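To keep things clear, I will list the structure first and then write my remarks on it.
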Amino acid sequence: MTRAYNFSPGPAMLPEPVLRQAQAEMLEFRDTGASILEISHRGADFLDVARQAEADLRTLLSIPDDYAVIFASGGATTVQALLPLNFAAPGQACDYVVSGHWGKTAIRQAAHCVEARVAASSEVGGFRDVPPRSDWQLSPDAAYVHVTANETIHGVELRDIPQVGGVPLIADFSSSIASEPLDISRFAAVYAGAQKNLGPVGITVLIVRRELLQRTGQPRAPIFDYGAQAKADSMLNTPPSWNWYLLGLTVRWMLDEGGVAEFGRRSARKAALLYAAIDGSGGFYRNEVAPAARSRMNVPFFLHDPALDAAFLAQARQAGLVALKGHRVLGGMRASLYNAMPEAGVQALAEFMREFQRSHG
Ligand SMILES: *Cc1c(COP(=O)(O)O)cnc(C)c1O
């Protein structure tokens, strides 16, 4: 099969120029006489890759100087476990606003060592909306407020994240980072596993206000200490160097394509196209998320008759549209429209959906 339009929620589609460059440099990286996979992370060649990736990410996301950027392994879930250890005292209250699966995961990773409070949740409604700010019960003594910017499984996006007062705001941006301009200074910390919008799985970015790193937190091994990681430029131990390199190529590609403002415009057009195809189908397809909370990145949708699901997936695959199967907790379909997904891919999907409806309607 030739390269398809890949709607995978993550690990997700990567830009073809990134894969081509990585392929070319796989055997011999610059003039090292070795693969990028085979060189020391302490050597000048890799340090150049690592520093350039950070510099480019700072440019792409307009990261202020008083924020550290940490490149970690262990995925976003490990960040969720380390946030309370680094930034809360034992048993201290931490507020979580829950708008889907990943907000619940964040609580599960924290609850053993802090009082992880559900400040607001849209779970009773099946996570088809974000909890309105007026329902958030925030405690002024909380160590931080945690929100999920985009719920990858439920397809719910919390945009224009509201003010939370003086308590540090921490946001999981795993599936929407770099998809539109973002004012980092509003957050004490922002984190994202790279495998949705920043590159490959195996590396996670934590952007954290340096002042937050002064917190005592809780007893933890040095390797779990974000202050120590920041001081050591994320190289307390061997970092995931290949993943870091691929992230750097992906970030460079985003800058070359026009940066987050351009991806904001593309994301809006792609999402509008797909939601229009769903809403215009007269009920053949449906998306159940409240219109104002619909994700631009992950679009879950259902066929009016689930008995058609298997045929839809099989024929989509034949049309070069892959990884559309929905998450097992929701069923149905899900199309993920990260930055590497071209608009032509979404047009092809919308056209396929109309064609499938014509032949099965
Ligand atoms: C994918 C995802 C995670 C989990 O990431 P891992 O790297 O698998 O730990 C957490 N939060 C959100 C919003 C995600 O999309």
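GNM remark for the chain: springs join alpha carbons under 10 Å apart, and the peak mean-square fluctuation among A323, A12, A228 falls on A228.
Taking amide H as placed 1.01 Å from N in the peptide plane, the amide H of R294 sits under 5 Å from that of E157, each at least 5 places away or on another chain.
The residues of the chain expose, per residue, 42 Å² of accessible area to a 1.4 Å probe. Probe radius 1.4 Å, ligands and nucleic acids ignored: give me the carbon and sulfur share of the accessible area of the range 290-336 as a rounded percent. Ligands and nucleic acids excluded, carbon and sulfur reach 57 percent. Just need the relative contact order of the range 1-111 here, percent rounded to a whole number, with Cα pairs under 8 Å and 6+ apart. Relative contact order comes out at 13 percent. Based on every Cα atom in the range 141-229, Rg and the maximum pairwise Cα distance Dmax equal 13.8, 37 Å.
Note on the chain: semi-axes of the ellipsoid equivalent to its C-alpha gyration tensor, largest first and rounded to whole Å, are 33, 28, 16. Shape of the range 1-121 from the C-alpha gyration tensor: prolate (a/c of 1.5 or more and a/b above b/c, with a ≥ b ≥ c the square roots of its eigenvalues).
Modelled this way, with points 7 Å down the Cα-to-C-beta line, the labels at D141 and R42 are 4.7 nm from one another.
Ellipsoid semi-axes for the range 303-361, based on the Cα gyration tensor and the rule √(5λ), read 18, 15, 9 Å when sorted largest first. Each other residue within a Cβ distance under 10 Å of S122 adds +1 if Lys or Arg and -1 if Asp or Glu, for a net charge of -3. Remark: spin-label model distance M26-A55 equals 2.9 nm, labels positioned 7 Å along the Cα→Cβ axis. In the range 45-114, the convex hull through the Cα atoms has an average projected area of 6.3 nm², a quarter of its surface area. Reported value for the range 259-360: 99 Å³ per residue, from the convex hull of its C-alpha atoms. For Y144, the residues whose modelled amide H falls within less than 5 Å of its own, excluding neighbours fewer than 5 places apart on the same chain, are D95.
What number does the range 254-299 give for Rg over Rh if you use C-alpha atoms and the Kirkwood radius? Radius of gyration over Kirkwood radius for the range 254-299 works out to 1.09. Note on S122: accessible area is roughly 10 Å² with a 1.4 Å probe, heavy atoms of protein only.
The values are calculated or read from the model by the stated rules, or taken from the named source; none is laboratory data. All values derive from a computational prediction rather than experimental measurement. Cβ atoms come from the backbone with ideal geometry, glycine included; neighbour counts cover every protein chain shown. Surface accessibility is based on the protein's heavy atoms, side chains included, excluding ligands, DNA and RNA. Shrake-Rupley method; radii C 1.70, N 1.55, O 1.52, S 1.80 Å.
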